[in-house]
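Enquirer: I'd like to ask you about the structure that follows.
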Amino acid sequence: MNKKISEKDKKAWEKFVNSRERIHNKDNQKIEKSFPNIEKSIDLHGYTLLDANTEIEKFIFECYEKGSTTVNIITGKGSRSKNKDDPYQAKDLSILKYSVPNFINENKELMKIILKIDFDLVNSPSKGNFLVYLKKK
């Protein structure tokens with residue numbers, strides 16, 4: 001490749017080489033996120049249905065107020081739930097894994113600040129958590 005260097009480029013290079021000004025070293029620059037830690041997490045292991053629903057409602061509103069955009073809700077898989085042996089309880093809705101997302105989805109006030117509930121994670125038998133994506137404040 002025999003490309004000629006223009007006179008303008010030669011002068012610019014000469015000016016740079018002879019000046020005391022140097023190129024800013026980007027490797028030394030501290031990279032800062034343009035937003036704070038946006039994911040918050042809550043673990044509902046051991047909660048009753050009523051306590052879990054009460055706590056999750058409060059937690060989601062707090063996360064929204066603080067500017068979080070993702071809430072990781074750990075419910076467990078429900079594999080050791082004793083509710084499976086009770087014929088008078090709905091199998092799925094007596095387990096936090098299913099009842100908490102259902103509670104959130106049916107709560108009109110919560111849904112005003114929620115973009116999406118990741119039901120793929122809820123319905124995955126290998127996952128004991130799911131994500132809720134919040135609107136920006």
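Enquirer: Measure up K40/K135; K77/K108; K40/K137; K97/K137; K77/K137 against 24 Å on the Cα-Cα distance and list the ones that go over.
Expert: Details: K40/K135 14 Å; K77/K108 26 Å; K40/K137 15 Å; K97/K137 27 Å; K77/K137 31 Å.
Checking Cα-Cα distances, K77/K108; K97/K137; K77/K137 exceed 24 Å.
Enquirer: Can you list residues whose amide H is under 5 Å from L134's amide H, if they're 5+ apart or on another chain and H is modeled 1.01 Å from N?
Expert: The list, which skips near neighbours in sequence, is T70, V71, L115.
Laboratory data are not the source of any read-out in this text; all were calculated from the coordinates shown. Computed from a prediction, not measured in an experiment: that's the story for all the values here.
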